[in-house]
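Contents: one structure, followed by commentary.
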Amino acid sequence: MCLFCEIAKKNIPSTCVYEDETVFVFNDIAPKADVHMLVIPKEHIGSMAEVTAENSAVVAHCFEVIAKLMKEKGIADDGFRVISNCGEKAGQTVFHLHFHVLAGNGMTEAHV
Ligand code: AMP
Ligand code: ZN
């Protein structure tokens with residue numbers, strides 16, 4: 001069972017922010033900043049390490065959705081951060097590709 005597949009199928013409840021045919025966006029259950037959303041492809045991709053020529057259009061669409069949502073919510077001008085932890089050493093705990101989108105108070109100093 002994959003937690004984020006179940007969330008995308010609405011078998012497990014979440015606070016859905018946006019949804020279309022390929023992407024599902026919901027609020028992180030343990031927010032690290034004022035805004036902390038998770039953007040996931042509905043298709044199961046384990047992590048950034050599993051992105052290929054065959055599935056990368058879905059990843060591109062995730063980024064289109066992020067830009068659209070940040071503009072719509074008036075966050076784009078202030079600034080936001082997108083993070084994807086890939087693998088245990090990078091802190092990945094849910095092995096379904098997801099992009100953390102953080103904004104507002106709580107964003108820690110950039111790591112890079
Ligand atoms: P990562 O550690 O990068 O794999 O991120 C996983 C994220 O999923 C963490 O920030 C968790 O707080 C979040 N998370 C875990 N379970 C849920 C859930 N049921 N609903 C929303 N967010 C969740
Ligand atoms: Zn999954």
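The values are calculated or read from the model by the stated rules, or taken from the named source; none is laboratory data. As the structure is a prediction and not an experimental result, all values here were calculated from the model. Glycine also receives a Cβ, built like all others from the backbone with ideal geometry; neighbour counts cover every protein chain displayed. With ligands, DNA and RNA removed, areas are computed over all heavy atoms of the protein, side chains included. Shrake-Rupley method; radii C 1.70, N 1.55, O 1.52, S 1.80 Å.
Cysteine residues of the chain whose C-beta has no other cysteine C-beta under 4.7 angstrom: Cys16, Cys62, Cys86.
Normalised by the number of residues in the chain, the average gap of Cα pairs under 8 Å and 6 or more apart makes the relative contact order 31 percent. Rolling a 1.4 angstrom probe over the protein heavy atoms with all chains in place gives the stretch 10-112 an accessible area of 60 Å² per residue. Pick from Ala60, Ala30, Ala76: which residue has the top mean-square fluctuation in a GNM of the chain where Cα pairs under 10 Å get a spring? For the chain, modelled as a Gaussian network with Cα springs under 10 Å, the answer is Ala30. For the stretch 1-54, relative contact order (Cα pairs under 8 Å, six or more residues apart, normalised by length) works out to 27 percent.
Here the peptides 97-110, 78-91 are ranked by packing, the mean other Cβ count within 10 Å, and the order with the highest first is 97-110, 78-91.
The residues packed around Val23, meaning those with a beta-carbon under 13 Å from its beta-carbon, carry a net charge of -3 if Lys and Arg are +1 and Asp and Glu are -1. Note on the chain: along the principal axes its Cα atoms extend 34, 31, 28 Å, ordered by decreasing extent. Each semi-axis of the equivalent ellipsoid for the stretch 63-112 is √(5λ) with λ an eigenvalue of the Cα gyration tensor; in descending order they amount to 22, 14, 7 Å.
Enumerate the lysines that Lys73 could reach by cross-link, defined here as Cα to Cα under 21 Å, with residues fewer than 8 away along the same chain left out. Lys73 reaches Lys32.
Just report the Cα centroid separation between the stretch 72-112 and the stretch 1-29, whole Å. A separation of 17 Å, based on Cα centres. Between Ile40, Ile75, Ile12, the Gaussian network model of the chain with springs among Cα atoms under 10 angstrom shows the greatest mean-square fluctuation at Ile12. Of the solvent-accessible surface of the chain, computed with a 1.4 Å probe and all protein chains present, 54% belongs to carbon and sulfur. The aspartates and glutamates within cross-link reach of Lys68, meaning a Cα-to-Cα straight distance under 18 Å and a gap of 8 or more places when in the same chain, are Glu19, Asp20, Glu21, Asp77, Asp78.
Scaling against 2.2 N^0.38 Å puts the C-alpha radius of gyration of the stretch 40-94 at 1.29.
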